[in-house]
Amino acid sequence: MAKTAPPKISVSPQNKNHRDSSIKSRNAFFFGKPYPKSTLFSSHLHSSYTTLSISSSVIEAEEYKISDCNRKICEFCEVGNLRKAIELLHMSPKIKIESSTYCSVLQLCADTNSLQDGKQVHSIICSNGVSIDGVLGTKLVFMYVSCGDIREGRLIFDKIANRKVFLWNLMLTGYAWIGDFEESVHIFRKMLDLGVEVNSHTFSSILKCFAALGSRKEGEWAHGYLLKLGYGSHNIVVNSLISFYFNIRKVESARKLFDELSDRDIISWNSMVSGYVANDLPEEGLLVFKELLYLGVNLDLSTVISVLAACVNCDNVLLGRAVHALAIKACFDRRITFANTLLDMYSKCGDLHDAILVFEKMGERSVVSWTSLIAGYAREGLSEGAIRLFQKMKSEGVRPDIFTISTILHACACNGSLEDGKDVHNYIKGNDIQSNLFVCNSLMDMVFKNGHPNEALGLFVAMLQELKPDGRTIACILPACASLAALDRGREIHGFILRNDCFSDQHVANALVDLYVKCGALALARLLFDMILTKDLISWTVMIAGYGMHGFGKEAIAAFNEMRQAGIEPDEVSFISILYACSHSGLLNEGWILFNIMQHECSIAPKLEHYACIVDLLARTGKLSMAYQFIKSMPIEPDATIWGALLCGCRIHHDVKLAEKVAEHVFELEPENTGYYVLLANIYSEAEKWEEVKKLRERIGGRGLKKNPGCSWIEVKGKVHIFVSGDGSHLQSQKIKSLLNELRSKMKEEGYFPKMEYSLINADDLEKEMTLCGHSEKLAMAFGILNLPPGKTIRVTKNLRVCGDCHEMAKFMSKITRREIVMRDSNRFHHFKDGTCSCRGFW
DNA sequence: ATAGGGTTAG
């Protein structure tokens with residue numbers, strides 16, 4: 001089975017680098033470029049540092065004023081004692097300090113990434129009245145750029161009169177480090193305009209920027225220009241070109257450059273391997289690797305790391321193991337980056353066991369090691385293990401980064417562990433990493449998957465303030481809108497999809513169709529469905545389920561057949577959709593035939609959901625004893641849903657005797673679910689068996705059961721308003737109440753009597769009527785009528801099935817207020833128009 | 001003193 005390849009193709013270079021840039025600019029310490037160079041602190045310098053610190057302690061301060069303060073400061077710099085160097089700089093008389101001394105201190109600041117110290121030196125220079133010439137200015141720029149303060153560096157850069165190419169390159173690469181490639185290009189153009197003689201450094205830097213920006217034309221122009229300047233066989237420049245072409249996906253051009261490059265070094269080879277892998281051609285990458293082995297080229301750490309990535313993408317764990325062996329021979333196996341990649345290779349090739357072994361045997365572990373292993377657990381569905389590892393990692397003092405956070409949020413989403421997810425959310429807020437797209441998407445997904453679509457939507461709105469969503473964001477937030485039936489918000493997102501050309505993303509397109517289906521806009525859903533060029537199983541299943549929910553059984557079957565004709569094999573989920581569609585349209589024969597096709601043509605063993613559809617279908621169409629026999633003959637144990645479907649049928653067809661028998665099964669399987677008691681009570685009261693109602697009520701009363709609160713919601717001006725049964729806390733509560741009372745009396749005038757039996761409360765009729773009035777779907781509908789402009793369809797969603805009285809009232813409301821009402825309950829859609837409902841009694 | 005290839009995520 002093909003493993004999921006890392007999403008290298010889908011992430012365009014600029015996204016990838018923008019992402020990096022946002023981190024870099026936020027955390028210069030981790031990502032800012034130069035770290036102290038180890039050569040600076042070699043042992044012989046350390047010994048001189050010892051002598052120096054002894055002598056310095058005996059030297060009188062006055063001595064510095066007259067003697068060689070410059071030499072002393074430089075000596076402190078050489079041994080890396082920045083504190084002492086700056087201290088002396090402060091103490092020395094300004095006229096004595098030479099420009100080169102300032103430079104040495106600034107260099108050390110840059111090497112040690114000490115921005116504060118660098119600023120101090122800068123202010124000493126200024127207060128000493130030293131004129132900032134080309135050399136000193138360049139060093140200042142170097143210090144600022146190295147320490148991550150590009151703005152300050154730029155200010156100085158702009159004031160330097162005679163700028164050498166080195167300084168320009170510094171500025172150009174500085175912007176590239178923080179991901180501001182546009183500004184790098186700007187600098188490059190300015191260099192050309194001013195006739196600065198660009199060099200090989202300029203080209204390698206700018207080619208990276210062009211690649212990151214996806215600027216094909218400009219990169220190709222630079223290629224021509226560098227040939228003209230004679231850099232065509234400069235291997236560093238050609239290597240940059242190779243990477244550029246791989247980045248813009250011109251694999252052939254990269255290959256040609258490589259083939260014609262006589263002076264290949266290991267970086268050329270590595271660029272080829274990684275370039276092929278990034279372009280989803282891992283086999284080609286492996287061929288290059290074989291050629292390299294054949295020619296006896298000395299491979300390095302990067303080679304084996306790239307080859308491991310190729311192994312992952314070919315799902316070739318055997319070759320991966322061979323590379324592991326080779327790396328042991330070459331002594332790369334103790335290198336942490338290698339071990340991390342190896343761990344990841346085993347885990348992605350489905351061998352978590354060996355990944356764990358690598359992790360356990362690693363001498364040193366970084367956040368990457370932990371994250372890779374956590375991702376490995378999550379990939380195998382071992383979410384709890386992943387969360388445990390995450391805790392362990394923190395307890396060992398390893399700081400999670402955005403990779404860890406995205407991974408663990410994904411594990412929390414799969415696991416349904418909201419508590420862990422909340423902890424991670426707090427960590428995100430506390431560590432200011434909410435501006436990362438991966439983190440945001442994972443967070444929204446976690447919140448949504450844990451059943452909080454409205455909160456996910458809130459996060460999305462907040463995210464828009466500082467981030468531009470991508471296809472993943474959209475594919476994650478659309479289902480949240482769909483589950484809330486938040487059509488207005490969904491339409492805004494549809495607009496975003498159009499503006500940003502996201503519809504070609506299969507997940508986005510499918511989610512968009514699903515949105516319109518779940519918002520009750522079926523025609524629009526179909527229109528968009530037809531626009532999907534390559535419809536996959538999900539696209540079809542969404543459409544079939546949509547027809548089913550709206551009671552268009554025939555259309556669902558037509559779509560199902562169309563799908564099979566298109567050569568797409570249905571799976572068990574699509575069979576649930578189609579059987580469900582049959583049951584909501586009362587298509588008994590068709591449903592039965594499909595149930596047989598599923599088993600005998602498609603070899604899919606029916607699950608509880610499929611049986612439930614058939615029971616539902618038999619029960620609705622009045623085949624109650626057949627349904628009973630069907631349940632009895634099931635090869636798997638029926639659950640409460642299955643018996644419950646039959647119980648519903650008993651109610652529709654007024655079979656009290658069977659209902660009592662069925663109800664006992666249901667009560668045994670789900671004694672806590674009050675819905676079933678209410679159902680039986682309604683069956684009794686419809687048969688006017690008041691004595692039985694009373695007995696049942698006593699039975700429930702003794703249990704102290706809590707009713708599952710009904711709740712309905714409606715979107716008004718992009719905001720979802722939620723109503724709970726009997727809740728009077730809403731701001732417009734009084735207005736809603738009087739509207740409902742007004743409607744109620746009009747209904748009575750027309751000879752309507754409320755269906756008292758839908759309320760199982762021991763009270764007089766008036767009180768019953770009041771309770772009915774407080775049903776959440778009525779409140780939401782009334783709120784819609786009060787707040788939505790005339791002519792706009794009222795779209796209400798309910799978490800349970802719509803109550804019979806509310807259903808009656810909705811019909812009446814649609815007639816008297818001349819409004820279309822679309823209600824989605826837990827089961828299906830009801831379109832109310834001119835006093836009738838589309839469900840025709842098939843609930 | 002600046003440049004080219006390599007590891008973890010939704």
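Read-outs throughout are calculated quantities, based only on the coordinates presented, and are distinct from any laboratory measurement. Predicted model, so just to flag it, every value in this text is computed and none were measured. Cβ coordinates were reconstructed from backbone atoms using ideal geometry, including for glycine residues, and neighbour counts include every protein chain displayed.
Observations on the structure shown:
- C-alpha long axis of helix A:216-228 to longest principal axis of chain A, angle in °: 20
- Estimated [θ] at 222 nm from DSSP helical runs (n ≥ 4, -39500 (n - 2.57)) normalised by residues in chain A, nearest 500: -21000 deg cm²/dmol
- Farthest toward positive dipole pole in chain A [+1 Lys/Arg, -1 Asp/Glu at C-beta], among A:327, A:153, A:70: A:153
- Loop-resident chymotrypsin sites (Phe, Trp or Tyr not before Pro) (DSSP state other than H, G, I, E or B) in the range A:443-508 with no more than 11 further Cβ atoms inside 10 Å of their Cβ are absent.
- Placing +1 on each Lys and Arg Cβ and -1 on each Asp and Glu Cβ, with no other charges, gives the range A:567-654 a dipole about its Cα centre of roughly 480 debye.
- Cα gyration tensor shape of the range A:315-408, rounded if a/c is under 1.5, else prolate or oblate by comparing a/b with b/c: oblate
- Global geometry of the range A:608-708, whether rounded, prolate or oblate, following the gyration tensor of its Cα atoms and the 1.5 cut on a/c: oblate
- For the range A:408-413, putting each phi into the Karplus relation 6.51 cos²θ - 1.76 cosθ + 1.60 with θ = phi - 60° gives couplings of 6, 5, 4, 4, 5, 5 Hz, in residue order, rounded to whole numbers and with x for Gly and Pro.
- With the charge dipole of chain A set up from +1 on Lys and Arg Cβ and -1 on Asp and Glu Cβ about the Cα centre, the Cα lying farthest toward the positive end among the listed residues A:244, A:275, A:453 is that of A:453.
- Close amide H contacts of residue A:711 (hydrogens built in the peptide plane, cut-off under 5 Å, sequence separation of 5 or more or a different chain): A:799, A:800.
- On the basis of the beta-carbon distance and an R0 of 35 Å, residue A:190 and residue A:133 show a calculated FRET efficiency of 0.95.
- Each label point was placed 7 Å from the Cα along the Cα-to-Cβ direction; for residue A:603 and residue A:750 their separation is 5.7 nm.
- Sequentially through the range A:262-278, phi angles give Karplus couplings (6.51, -1.76, 1.60; θ = phi - 60°) of 7, 9, 6, 10, 5, 5, 4, 4, 4, 4, 5, 4, 5, x, 5, 4, 5 Hz, Gly and Pro residues having no value and appearing as x.
- When you filter the GluC sites (Glu not before Pro) in the range A:594-697 for DSSP loop state and at most 15 other Cβ atoms inside 10 Å of their Cβ, you are left with A:672, A:688.
- Lysines with Cα under 20 Å of residue A:250, excluding same-chain neighbours fewer than 8 positions away: A:8, A:16, A:208, A:217
- With respect to chain A, whose longest principal axis is taken over its alpha-carbon atoms, helix A:690-703 is tilted by about 30°.
- Computed magnitude of the charge dipole of chain A (debye, nearest 20; Cβ of K, R +1, Cβ of D, E -1): 1340
- Principal-axis analysis of the Cα atoms of chain A puts helix A:336-348 at an angle of about 20° to the longest axis.
- Formal net charge of residues neighbouring residue A:441 (Cβ-Cβ distance under 9 Å; K, R +1; D, E -1): -1
- Extension reserve of the residue A:670-residue A:694 stretch, reckoned as 0.36 nm per residue once the Cα distance is removed: 6.5 nm
- Less than 5 angstrom separates the built amide H of residue A:788 from none of the residues sequence-distant by 5 or more or on a different chain.
- Spin-label pair residue A:633/residue A:816, simplified geometry with 7 Å Cα→Cβ offset, distance in nm: 5.0
- Computed magnitude of the charge dipole of the range A:264-364 (debye, nearest 20; Cβ of K, R +1, Cβ of D, E -1): 280
- Prolate/oblate/rounded call for chain A, Cα gyration tensor, a/c under 1.5 rounded: prolate
- Net length gained if the chain between residue A:290 and residue A:786 were fully extended (0.36 nm per residue, minus Cα distance): 171.2 nm
- Taking label positions 7 Å along the Cα-Cβ direction at both residue A:120 and residue A:68, the computed distance is 2.5 nm, reported to one decimal.
- Options A:541, A:558, A:516, ranked by Cα towards positive dipole end of the range A:475-610, top entry (Cβ charges): A:516
- Annotation: lysines with alpha-carbon distance below 16 angstrom to residue A:717 (same-chain offsets under eight excluded): A:792.
- Coupling constants for the range A:482-497 follow from the phi torsions by the Karplus curve (6.51 cos²θ - 1.76 cosθ + 1.60, θ = phi - 60°), and in residue order they are 5, 5, 8, 6, 7, 5, 4, 4, x, 5, 4, 5, 4, x, 4, 4 Hz; glycine and proline get x.
- Full-stretch length increase - residue A:197, residue A:427 - with 0.36 nm per residue and alpha-carbon distance subtracted: 77.9 nm
- Trypsin sites (Lys or Arg not before Pro) restricted to DSSP loop in the range A:605-689 with at most 13 other C-beta within 10 Å: A:607
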